[in-house]
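The structure under discussion appears below in the form of structure tokens.
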Amino acid sequence: MDYLSELISKYPDVEIIWKPIEAHPKHEEPDHRPYVNLAVQACLYVKDTKGDELAFINSVYKAQYEDGLSIEDISTLVKCAADVGVADTVALETALKNEKYKTAMLEANDYAYEQKGVWAVPTFVYGDIRLDSVGGVGITKEQLDEFLTKCCA
């Protein structure tokens with residue numbers, strides 16, 4: 001998501017609408033850890049409470065890939081939320097323990113995977129313009145810049 005953070009200021013007319021989904025919603029595939037269902041639910045909480053979703057996503061990414069923390073651990077997600085200014089981390093922890101956002105997460109997964117044909121994350125969609133990641137590789141900064149340019153054309 002660092003590329004998006006870097007590029008978005010070049011495209012002031014583009015509004016980002018996040019649809020957080022599980023990267024690997026089929027839990028019977030043990031090779032596809034980590035499961036991000038709790039992270040998605042936490043992101044839905046951040047969105048619902050008008051927090052900075054991009055900052056939260058970047059914090060979760062850093063926790064996982066730079067700090068080596070488990071994003072399947074509620075305490076990690078609470079720390080990520082606190083780090084980006086989420087005020088009520090107790091409410092976040094409670095929401096995660098009670099699976100308050102589980103139904104919303106499952107609906108988002110269905111929308112992405114079943115209705116929109118997403119097969120890898122991140123995937124960017126703007127009308128009929130689409131940028132799919134390559135599984136295990138992602139997208140390049142140049143691909144994202146080209147996508148955003150097409151969106152503004």
Margin query: Tell me whether the stretch 67-86 contains one or more residues that are surrounded by fewer than 16 Cβ atoms within 10 Å (Cβ to Cβ) and within 17 Å of residue 19 (Cα to Cα).
Written below: no
Check: Is there a residue being hydrophobic (A, V, I, L, M, F, W, C) and not in a strand (DSSP E or B) anywhere in the stretch 128-141?
Finding: yes
Item checked: Whichever residue in the stretch 127-144 is surrounded by fewer than 15 Cβ atoms within 10 Å (Cβ to Cβ) and touching a helix residue (DSSP H, G or I) at 6+ places or on another chain (Cβ under 6 Å) and, among such residues, is farthest from residue 38 (Cα to Cα) -> 129
Checklist line | Flag for residue 95 being of a type in the set (A, V, I, L, M), in a helix (DSSP H, G or I), over 17 Å from the mean Cα position of the chain (by Cα) and surrounded by 14 or more Cβ atoms within 10 Å (Cβ to Cβ) | finding: yes
Item checked: Test result for residue 72, closer than 20 Å to residue 122 by Cα, outside any helix (DSSP H, G or I) and within 18 Å of the chain's Cα centre (by Cα) -> yes
Check: If the Cβ limit is 8 Å and pairs must be 6+ apart or interchain, which residue in the stretch 110-124 that is surrounded by 14 or more Cβ atoms within 10 Å (Cβ to Cβ) pairs with which residue that is small (Gly, Ala, Ser) and in a loop (DSSP other than H, G, I, E, B)?
Finding: 120/133; 120/135; 121/23; 121/133; 122/133; 123/133
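A short reminder: the numbers here are calculations on the coordinates, not readings from a lab. As the structure is a prediction and not an experimental result, all values here were calculated from the model. Neighbour counts run over all protein chains shown; Cβ positions are idealised from the backbone, glycine included.
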